[in-house]
Structures are given as C-alpha cells and as structure tokens.
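Here the structure is laid out as structure tokens; the discussion comes afterwards.
We did not get these values from a lab; they are worked out from the coordinates using the rules stated. Small disclaimer: the values here were computed from a predicted structure and weren't measured. For neighbour counting, all protein chains shown are included, and Cβ atoms are generated from backbone atoms with ideal geometry for every residue, glycine included.
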Ligand SMILES: NC(=O)c1ccc[n+]([C@@H]2O[C@H](COP(=O)([O-])OP(=O)(O)OC[C@H]3O[C@@H](n4cnc5c(N)ncnc54)[C@H](O)[C@@H]3O)[C@@H](O)[C@H]2O)c1
Ligand SMILES: [Zn+2]
Ligand SMILES: [Zn+2]
C-alpha cells in the first residue's frame, strides 16, 4: 500500500509499505478516505515541530471506512464510516488520572510521535475510533478533528450562553473556535488582519468582525461589550503580542484561553491578571471532544459546507503541501483523497 512519509525535515515522499494486519482483538482496520493537511504537518515537514520523530507517516486529521475489526470490537463494524482520534495516552500518569489524557506525560500523537493517517490502510485501537453518519460527506467527516480543537478551547474557557467571546484570529483554528463558541450560546467577536477571512467568519455566524489592521481592537471590544471587555478571549493568532493583548482585552472575572505553541516569552504584568482575577489557561489538542463535535454535526448544528478549500488526489500530495505552504493566507483546509 502507499503511504505519505516525511523521511526527514524537507523530504516528503510517497512510499510503498506492507499492508497492516489485525493483531490485537481491539484493532480496527480502516481504509483511509481523506487526510487533512494541517499547519502542524507543514511544521513537521520543515523540521519545526520539536515533538516529531522521523521518518514519520504524517496525518492526524483523517477519516475512512472500516474494512475489518478484531474479535472483541463492538463499537464499529465493517462498512462503518469513522474518524480517528489521534492521541494515545498511558492511562496512569497524573494527567490521565485527572481525565486529561491530552496532556499525558507519555502522550503520543499520530502523525507526530507515531505514524499517522496518510496511508491507504490504518490500524486504530477501538477506543480511538468514532462512528460517523454514512451520509456525511468524507470532506466534512475529515473536519471533525480540527473542530475538536475549537471545542476544547470553548470547554477550557468555560464559555456560557450570553458570554461575550473574542476569538483572536480567523484562521482555520479561530474559525472552529468561533463556531463552537456560537454553539455554546456566546456572542462572538472575531479579529483578523485579512478582510476576506473576516467576511467568511461572519458568513459562518460570527456576530462582530474586527479588522485589527484597520481598527483599534481594544476600543472596538469596549464598544461592543458596553465597556466591560471580552468575558472569554481565545488566542488563535498565537504570537508574542496576541497573548499580551488577550490579557488586556478580557473582562473582570474573565477567561483567557491560550492556544500558542510559541516559545518566545510574552511580557505580561501580573497585576493585569490579578486585578481582574482572570483565569489564564492553555488548551492543547482535545479531551473527549470527538463525541461533542460528532453529535453537533449529526444534529445539523455545525455547518461545515465550504470549509474545505481544495482536495488533492494522493498522488499529488507533494503539490498539496506546497500549496498550503505558499498560500497560508487564503487556505482554510486542504485535503488528500485516497479514492
Ligand atoms: N493548542 C492547540 O491544540 C493547537 C492546535 C492547532 C493549532 N494551534 C495553533 O493555533 C494557531 C493558529 O492556527 P491556524 O491554523 O488557525 O493558523 P492561521 O495562520 O491559519 O491563523 C492565524 C490567523 O491570525 C491572523 N492574524 C495575524 N495577525 C493578527 C492580528 N494582529 N490580529 C488578528 N488576527 C491576526 C492571520 O491573518 C490568520 O488568519 C497556530 O499557532 C497553531 O500552532 C494550536
Ligand atoms: Zn490539525
Ligand atoms: Zn498518561
């Protein structure tokens, strides 16, 4: 079978490998249909992901059809459509015992620490597969994982109905946060520096758009919230300044959700956190958000149409990476198809 592998930083290849076989009773064999290309896959390609181990079959956003299942599997059967939850945790460390396997001490992410989904056939443990409705198009099924990132940010920020939520950045992740915040009943403000991204966010339900290149974000947020600031601010811009700004833009008793993997320190005066008693939290990957997103899709509450920019056949995988790399400003989601 064919796999897409980053052999070492800068070298992306299509390789022939032996097909995987069911070994454990809990194994599920999947014929992979679509794989999403994420910003972090591009980082792995460029050698900029500190967790990646090479050579690595890339892909943590993928969906497919079950073609065989081990003897003890009950959750899915042959012919079912599934999405794979790409994290493996130890189950016994402090984080796991706190029911937070996404930050397990021994966390392994498919496509990063271990081989991922860009392969024609993939074996996943039963606990990592989630059943999807068959009528859901593959293009939309493949968006479940990125939407779990938005769902996690909404969960970590404890977004409540009626909260004013500021999403900084209307990139792929910011959009998923905005949609999940709307689903939680919030009033959503979203900022970006690219007008077309803001217009798209508005089409997808954002209540207020703020062009940070043209408008004063602080004044605008104050104006919209009647002077109080955002009750929850989610940083999906992820640079030094965005974290600093997030603290200042947040209301008293508010929450700041930080998504950045940035290693450059931000300058934040503790008093700005203390005086408003802001809760600052990180949000990494997701915990138990797959069922939440799948359920929202099933109930027709999460419109996904138009989110995918383009789908490339697997043979053009290298071209797809190149496209994402060169068109970062206009790309929402690029998929690879194995059909
Ligand atoms: N914590 C996690 O689990 C997790 C998961 C996925 C991605 N991420 C991180 O989230 C970040 C966003 O990912 P993405 O794929 O959406 O990236 P992206 O590049 O598509 O989005 C960033 C957006 O910020 C906008 N922007 C730039 N400067 C701005 C400013 N001053 N004000 C407002 N908007 C501004 C850009 O125009 C762009 O639309 C990345 O840094 C990524 O590493 C974190
Ligand atoms: Zn991703
Ligand atoms: Zn653990």
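Annotations for the structure displayed:
- Between 0 and 90°, nearest 10: helix 240-249 axis offset from the chain longest Cα axis: 50 degrees
- Between the helical axis of 317-326 and the longest alpha-carbon principal axis of the chain there is an angle of about 10 degrees.
- Order of 72, 251 - criterion: other Cβ atoms within 10 Å of each residue's Cβ, fewest first: 72, 251
- Segment 269-328 and segment 60-122 have Cα centres spaced 18 Å apart.
- Stretch gain in nm, segment residue 25-residue 196, where the contour uses 0.36 nm per residue and the Cα spacing is subtracted: 56.7 nm
- For the chain: rounded, prolate or oblate by the Cα gyration tensor [a/c cutoff 1.5]: prolate
- The chain - mean residue ellipticity at 222 nm from DSSP helices (-39,500 (n - 2.57) per run, n ≥ 4, rounded to 500): -7500 deg cm²/dmol
- The order of 90, 104, going from fewest to most other C-beta atoms within 10 Å of their C-beta, is 90, 104.
- The C-alpha atoms of the chain define a longest principal axis, and helix 144-156 lies at about 40 degrees to it.
- Per-residue Cβ neighbour counts within 10 Å put 120, 215, 277 in the sequence 277, 215, 120, beginning with the fewest.
- Antiparallel %, DSSP beta bridges [both residues in the chain], to 5: 55 percent
- With each label modelled as a point 7 angstrom along the Cα→C-beta vector, the residue 273-residue 228 pair spans 2.3 nm.
- Among 60, 46, 113, residue whose mean-square fluctuation peaks in a GNM of the chain (springs only between Cα atoms under 10 Å): 46
- Each residue, residue 203 and residue 51, gets one label point 7 Å from its Cα in the Cβ direction; the gap between the two is 3.2 nm.
- Shape summary of segment 149-282, radius of gyration then Dmax from alpha carbon positions: 13.1, 38 Å.
- Measure of compaction for segment 283-324 (Cα Rg per 2.2 N^0.38 Å): 1.62
- Most fluctuating residue given options 286, 299, 179, as computed from a GNM of the chain linking Cα atoms under 10 Å: 299
- Highest average packing first - 144-150, 73-79, Cβ atoms within 10 Å: 144-150, 73-79
- Per-residue extension of 0.36 nm, minus the Cα-Cα distance of residue 239 and residue 264, leaves a gain of 8.2 nm for this segment.
- √(5λ) per eigenvalue of the Cα gyration tensor, segment 31-176, largest first, Å: 24, 20, 18
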